[in-house]
Each structure stands twice: as C-alpha cells, then as structure tokens.
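Notes to accompany the following structure.
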Amino acid sequence: MVRNSLWLILFSLLILEGSLIHWLIPDSWQQSVRISSNFMLIIILYIGLYLNRHSALLYGLGFGLLHDFVYFGHILGVYSFGFGLVGYIAGLLPRRQTNLIFTTLMTMGVGVLIFEIIKFGINRLFNIVTVNFQFAFTHIMLPSVLFNMLFALAVYIPMRKLMEALQGQGSRAEH
C-alpha cells in the first residue's frame, strides 16, 4: 500500500502542475520571469536519494513520458529523458548524509538546475527557443530552481518519512 502512494502522489502532481500551480505564482512575477514547476521531478529526486537510482530512473522515464504526452511540447521525450537522467544521477550520490536537510535541498536545487539546462539545451538544439543562455538562466532557470526548492522544503518531512517507510518495507521483504 505504501508503494502505491508514490504512484498516487506523482499522478496527482501531474494533474496539479497543469491546473492549480499557475494560480500560486503572482501575476507580477509571470510578466518578468517564467517559472516552471517541476514538482514531479522533486519527488523523483527524493526517490533517487532515499530509495535507489533504478527506481528513480523508472519513475522518471514513466512519469516524464506521461508529462510529455499530457502537456505536449514541441518534442516528445524531453521530460522523460531529463527526469530519468536527473533521478538516476541523484541515486548515484552517497547515502551517508541524506538525512540532512541542507544537503537534500542542495541536491534538489542542483537536480532541477541540471534538468532545466537539459531542457534548454535540447530545445535550443532544435531551434525551438531562440533566447541566449544568460537570459534563460536568469529569467527562467534560477526562478524555477528557487520555486521548486521551496516545494522541496515544504514536503521534506513527509517525503523523508514516506521514503523511510518504503525502505523499511523493502528490507522486510528481503528477509
């Protein structure tokens, strides 16, 4: 039952990202910067940090592809590739300090930044975006990283407890 909660959380965040999140960002911010909420990526990063890299890769590929289909961009597979890669990279980090909030939040911030750079790079490669990297970094990537780090901070305690419960469930199943 606990394992199914990850699917439910990620699916509900998929729905919320397209419907309610735009109401949370003030209109004055939306005129000067573009903030993309990648809340599913935050949960995938938690999966990579607390469970394992293979689960994060599979959740990232699956829900990234679902994100690509639901919110069809110009190219299919950008979110799937980015979510899977960043989740896998987060799973490669050493596990000795995953209980510290600072290291977890910095991992979330760097993960979202890597994803934003991947997304910008692929879109720039196929001439979908024409802005330069400096403008994209200051007006799109950094605000998105800060906004997503606020979400990561807000869900830190519940996600850590859920991941610890999943770790305990996995270790009981092995014995």
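The values are calculated or read from the model by the stated rules, or taken from the named source; none is laboratory data. Keep in mind that what you see is a predicted model, and the values were worked out from it rather than measured. Ideal geometry is used to build each Cβ from the backbone, glycine not excepted, and the neighbour counts take in all protein chains shown.
Here are the numbers for this structure:
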read-out: Checklist (1) modelled with pLDDT under 95; (2) under 28 Å from LYS161 (Cα atoms) applied to ASP27, failing item; value: (2)
read-out: Members of the stretch 123-158 that are in a helix (DSSP H, G or I) and among the β-branched types (Val, Ile, Thr); value: THR138, ILE140, VAL145, ILE157
read-out: Which numbered condition HIS74 fails, given (1) over 24 Å from ILE101 (Cα atoms); (2) within 14 Å of the chain's Cα centre (by Cα); (3) not aromatic (Phe, Trp, Tyr); value: (2)
read-out: Qualifying residue in the stretch 96-111 (condition: surrounded by 12 or more Cβ atoms within 10 Å (Cβ to Cβ), within 16 Å of the chain's Cα centre (by Cα), modelled with pLDDT under 95 and small (Gly, Ala, Ser)); value: no
read-out: Residues that are among the small types (Gly, Ala, Ser) and at pLDDT below 85, drawn from the stretch 1-22; value: GLY18, SER19
read-out: Qualifying residue in the stretch 118-130 (condition: surrounded by 12 or more Cβ atoms within 10 Å (Cβ to Cβ) and of a type in the set (D, E, K, R)); value: yes
read-out: Failed criterion for VAL78 (all others in (1) out of contact with any helix residue (DSSP H, G or I) (no Cβ under 7 Å at 6 or more places or on another chain); (2) of a type in the set (Val, Ile, Thr); (3) surrounded by 13 or more Cβ atoms within 10 Å (Cβ to Cβ) hold); value: (1)
